[in-house]
Amino acid sequence: MTTDTPKLVPGLEGVPIAESALSLVNGQAGRLTYRGYSIEELTQPGVTFEEIVALLYDGELPNAARVQEITRELETERALTPEQVQFARSAATLTHPMFALQAAVAALGPRDNNFELKVETATKRGISLIAKTGHLVGVIAEAAAGRPYTGPKPGESHAEMMLRMITGKTPSPEHLRVMQALLILQADHSAGNASTFTTRVVTSTKAEPEAVASAAIGALSGPAHGGANEHSLRLFLDIGDPGGAEAKVERLLDDKYKIPGFGHRVYHVKDPRSKVIQVLAAEVVKAGTKEHDLYQIALTVEKVATDRLGDRGLFPNVDLFSGCVFAIGVPIDFFMPAFAASRMAGWMVNMREQWDSGNRLFRPAQVYTGAPDRPFVPLAKR
Ligand SMILES: CC(C)(COP(=O)(O)OP(=O)(O)OC[C@H]1O[C@@H](n2cnc3c(N)ncnc32)[C@H](O)[C@@H]1OP(=O)(O)O)[C@@H](O)C(=O)NCCC(=O)NCCS
């Protein structure tokens, strides 16, 4: 007799979870596109995060009038109430900035909880969350550094507001260009990555967008996902000296240590985002600085790990070099929150796409491995 026990696919590897017209990851060719446009082209100087938000939502490159409109909308929607600012500042003193961000984003939610009746507001609520998350990262950074709250300035772009509030300094054009590129580069990465899949699952329960967004931030925080950018830089700081890097990485690999920023479930060539980040690194990392040493260590890690693991299809991912590029003044524990502020665009557009596609509740099966049916034994007889 046959049983209908489903076959387990660990990690759902290769199992499609949605149809999506947003971004495409080609793991064999090492290519990433948003709405058909390559990230190499989308991160050119002059392109702004605001344009990418419009592209992801509309499906087409925005013209000048549309850019102006989305820029205005993001600027209006980023406003926070004094209570929301205070909540985020308090959270910043208690925990890692990523968890503070998760809590502060959840706390933006409404008092009612019935998004099915408000689903026509999915785009507006999504844009509002994209705008507010960048602002909240700045609020948390100011509080963590013991600085007073400044808030966005009129006319400031999303990237400029974030970088100024995170670093406490008016960004140079060079640093601003890098921040724009980082926000663009990490804005979406198909529906199948862990945090975007989380977005889809939570959306399918008809939850409010803030519940969707905060769940996605939690998923991104893990070292196997967005946490790898922080972990890779911590590894480079630990290695310390570029001269000793090769031997240390060899030892780590001998010990079966998983190098953060290396390996990917889908890419079996070098992650295209990693290549873009290396170009940015060359623009901002100056010879003779600590960042330059860290970049040299990253290059050594790439070489040693590729020599050892390349034939198994393991190569650098986006996080190997991103720590070096955050040398634009972003503190190490703000790499992940900055990543979350960028990916909020992808999460929110995926949320809308999930609703648009019928939003069937995710309810996969399990393969049960527990005890068979058996009679209950009262406590006195055990
Ligand atoms: C991204 C990642 C989770 C993908 O994992 P996965 O597809 O589930 O693959 P696995 O973790 O099962 O690894 C498969 C094999 O490659 C090895 N491997 C994978 N990533 C590795 C890494 N970064 N360093 C060393 N070995 C690695 C594993 O040890 C395993 O070896 P084994 O078969 O001898 O046990 C994994 O590569 C990883 O943990 N990378 C480091 C964290 C990271 O950079 N995350 C950000 C991703 S954008």
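Strictly over 22 Å apart at the Cα level, which of LYS124/LYS169; LYS275/LYS303; LYS256/LYS290; LYS248/LYS286 would you flag in this model? It would help to have the intermediate numbers written out before the result.
Numbers: LYS124/LYS169 31 Å; LYS275/LYS303 14 Å; LYS256/LYS290 28 Å; LYS248/LYS286 25 Å.
Over 22 Å apart, Cα to Cα: LYS124/LYS169; LYS256/LYS290; LYS248/LYS286.
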Original post:
Hey, if you put +1 on the Cβ of every Lys and Arg and -1 on every Asp and Glu Cβ in the chain, which of ALA29, LEU280, GLY244 ends up farthest toward the positive end of that dipole?
Top reply: GLY244
Original post:
How do TYR368, TYR57 line up, fewest other C-beta atoms within 10 Å first?
Top reply: TYR368, TYR57
Original post:
In units of 2.2 N^0.38 Å, what is the alpha-carbon radius of gyration of segment 140-224?
Top reply: 1.33
Subject >> Signed unit charges on C-beta, dipole axis of the chain, positive-most listed residue PRO337, PRO10, PRO173 >> reply: PRO10
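If you take the C-alpha gyration tensor of segment 102-185, multiply each eigenvalue by 5 and take the square root, what semi-axes do you get, largest first, in whole Å? Intermediate values should be presented prior to the final figure.
Numbers: eigenvalues 151, 53, 19 Å².
In descending order, the three semi-axes are 27, 16, 10 Å.
Using Cα pairs under 8 angstrom and six or more residues apart, how large is the relative contact order of the chain, in percent? Don't jump to the answer; show the numbers that get you there.
Values: 579 pairs, mean separation 90.8, N = 382.
RCO, the chain: 24 percent.
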**OP:** Can you tell me which of 321-329, 20-28 comes out highest on packing, and rank the rest after it, using the mean Cβ neighbours within 10 Å?
**Re:** 321-329, 20-28
**OP:** Calculate for the chain the 222 nm mean residue ellipticity that helices alone would give, adding -39,500 (n - 2.57) per DSSP H run of length 4 or more and normalising by residue count, nearest 500 deg cm²/dmol.
**Re:** -17000 deg cm²/dmol
Original post:
In whole Å, what is the distance between the alpha-carbon centres of segment 126-186 and segment 244-274?
Top reply: 30
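Relative to the Cα centre, what is the charge dipole magnitude of segment 1-119, using +1 at the beta carbon of each Lys and Arg, -1 at the beta carbon of each Asp and Glu, and rounding to the nearest 20 debye? Could the numbers behind the result be given before it?
Details: 9 positive and 16 negative charges, 66 e Å.
Dipole about the Cα centre, nearest 20: 320 debye.
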Subject >> In Å, descending, principal axis extents of the Cα set of segment 228-328 >> reply: 34, 28, 20
Subject >> In range of the label at ALA224: residues from segment 350-372 whose backbone nitrogen is under 18 Å from the point 7 Å along Cα→Cβ >> reply: 364-367
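Given +1 on the Cβ of Lys and Arg, -1 on the Cβ of Asp and Glu, and no further charges, what dipole in debye does segment 228-328 carry about its Cα centre, rounded to the nearest 20? Kindly include the intermediate steps, with their values, before the conclusion.
Working: 14 positive and 15 negative charges, 56 e Å.
Computed charge dipole of segment 228-328: roughly 260 debye.
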Original post:
When the scattering of segment 328-382 is computed by the Debye formula from its Cα atoms alone, each counted once and equally, what is log10 I(q)/I(0) at q = 0.17, 0.20, 0.26, 0.30 Å⁻¹?
Top reply: -0.78, -0.90, -1.01, -1.12
Original post:
Hey, what's the Cα Rg ratio for segment 95-149 versus the globular rule of thumb, 2.2 N^0.38 Å?
Top reply: 1.33
Original post:
Given the Cα atoms of segment 52-92, and with Rh set as the inverse mean 1/r over their pairs in the Kirkwood sense, what is Rg to Rh to two decimals?
Top reply: 1.22
Subject >> Rounded Å value of the spacing that divides the Cα centres of segment 1-72 and segment 345-382 >> reply: 27
Subject >> Taking all pairs of distinct alpha-carbon atoms in the chain, Kirkwood radius in angstrom >> reply: 21.9
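With a ≥ b ≥ c the root eigenvalues of the C-alpha gyration tensor of segment 292-339, is it rounded (a/c under 1.5), prolate (a/b larger than b/c) or oblate? Could you put the intermediate results ahead of the total?
Numbers: a/c = 4.24, a/b = 1.85, b/c = 2.30.
Oblate, because a/c is 1.5 or more while a/b does not exceed b/c.
Values quoted throughout were computed directly from the atomic coordinates according to the rules given, and no laboratory measurement underlies them. Computed from a predicted structure; not experimentally measured. Note that we place each Cβ from the backbone using ideal geometry, even for glycine, and neighbour counts take in every protein chain shown.
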